[in-house]
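Chemist: Handing you this structure, nothing more for now.
No lab work stands behind these numbers, since they all come straight from the coordinates. Keep in mind that this is a model prediction, so the values were computed, not measured. Cβ: placed from backbone, ideal geometry, glycine included. Neighbour counts: every protein chain shown.
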Amino acid sequence: MTAVHRPPHTWSDVPLARPSSARGREVPVEIGQEGRTYARTGDSGWHMTVCWYAGPGHSVRVPGDPVPERAAADRAIVEEEANSYLADAGIPPRPPGFTWYLEIPPGRTLAGLWQLIDRHERELPGAAPHPRETATAIARAVAVFYA
């Protein structure tokens with residue numbers, strides 16, 4: 001199994017954003033912050049692995065749940081599943097209570113990032129790679145996307 005490089009940051013290093021476009025309990029799909037565009041990402045462990053490798057230079061977090069109507073028990077399940085995946089990938093647990101966003105550089109799309117990750121994941125051996133292997137593919141794809 002290939003070792004995954006652990007970036008020299010923590011989840012707390014990811015900047016907080018307070019989008020002006022949010023109204024009430026609505027969670028925006030895209031936000032602008034300091035002249036950059038960020039797209040909301042999923043809250044699964046796989047998506048958080050992408051945020052981890054994007055790092056504080058290419059991701060932001062917004063206080064609040066991405067699904068404000070979600071019941072507390074459902075939030076706890078999502079957190080447990082995401083953090084379990086992160087642990088398997090060798091990544092520390094994420095703090096609860098945030099919606100996560102990835103920077104989308106000019107001329108690129110979030111779909112383009114997902115396609116790049118998919119290409120790297122297809123290079124992995126086996127039909128069901130371990131999260132550490134998937135994290136390696138994600139780290140490589142993210143490095144290319146933000147290069």
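Chemist: What is the gain in length, in nm to one decimal, between Ala111 and Arg18 on full extension, counting 0.36 nm per residue of separation less the C-alpha to C-alpha distance?
Modeler: So the extension gain works out to 31.1 nm.
Chemist: Using the 2.2 N^0.38 Å rule of thumb for compact globular proteins, work out how segment 5-137 stacks up: its C-alpha Rg over that value, please. Don't jump to the answer; show the numbers that get you there.
Modeler: Working: Rg = 14.9 Å, N = 133, 2.2 N^0.38 = 14.1 Å.
Ratio of Cα Rg to 2.2 N^0.38 Å: 1.05.
Chemist: Measure nothing but the geometry: give the 0 to 90° angle between the long axis through the Cα atoms of 72-88 and the longest principal axis through the Cα atoms of the chain, rounded to 10°.
Modeler: 30 degrees
Chemist: Work out which trypsin sites (Lys or Arg not before Pro) in the chain are exposed loop sites (DSSP not H, G, I, E or B, at most 10 other Cβ within 10 Å) and give the longest gap free of them.
Modeler: Answer - 26-147.
Chemist: If you fit an axis through the alpha-carbon atoms of helix 110-122 and take the longest principal axis of the Cα set of the chain, what angle between them do you get, 0 to 90°, nearest 10?
Modeler: 20 degrees
Chemist: At 0.36 nm per residue, and after removing the present C-alpha to C-alpha distance, how many nm does the segment from Asp88 to Arg119 gain when stretched out fully? Let's see the in-between values first.
Modeler: On the way: separation 31, 0.36 × 31 = 11.16 nm, distance 2.15 nm.
Taking Asp88 through Arg119 to full extension adds about 9.0 nm, to one decimal.
Chemist: Are there GluC sites (Glu not before Pro) in segment 84-126 that DSSP marks as loop and that have at most 13 other Cβ atoms within 10 Å, and which are they?
Modeler: Taking segment 84-126 and a limit of 13 other Cβ atoms within 10 Å, the loop GluC sites (Glu not before Pro) found are Glu123.
Chemist: Using only the Cα atoms of segment 100-147, each taken as one equal point scatterer with no solvent, compute I(q) by the Debye sum, divide by I(0), and report log10 of the ratio at q = 0.14, 0.18, 0.23, 0.27 Å⁻¹.
Modeler: Result of the Debye calculation: -0.35, -0.55, -0.81, -1.00.
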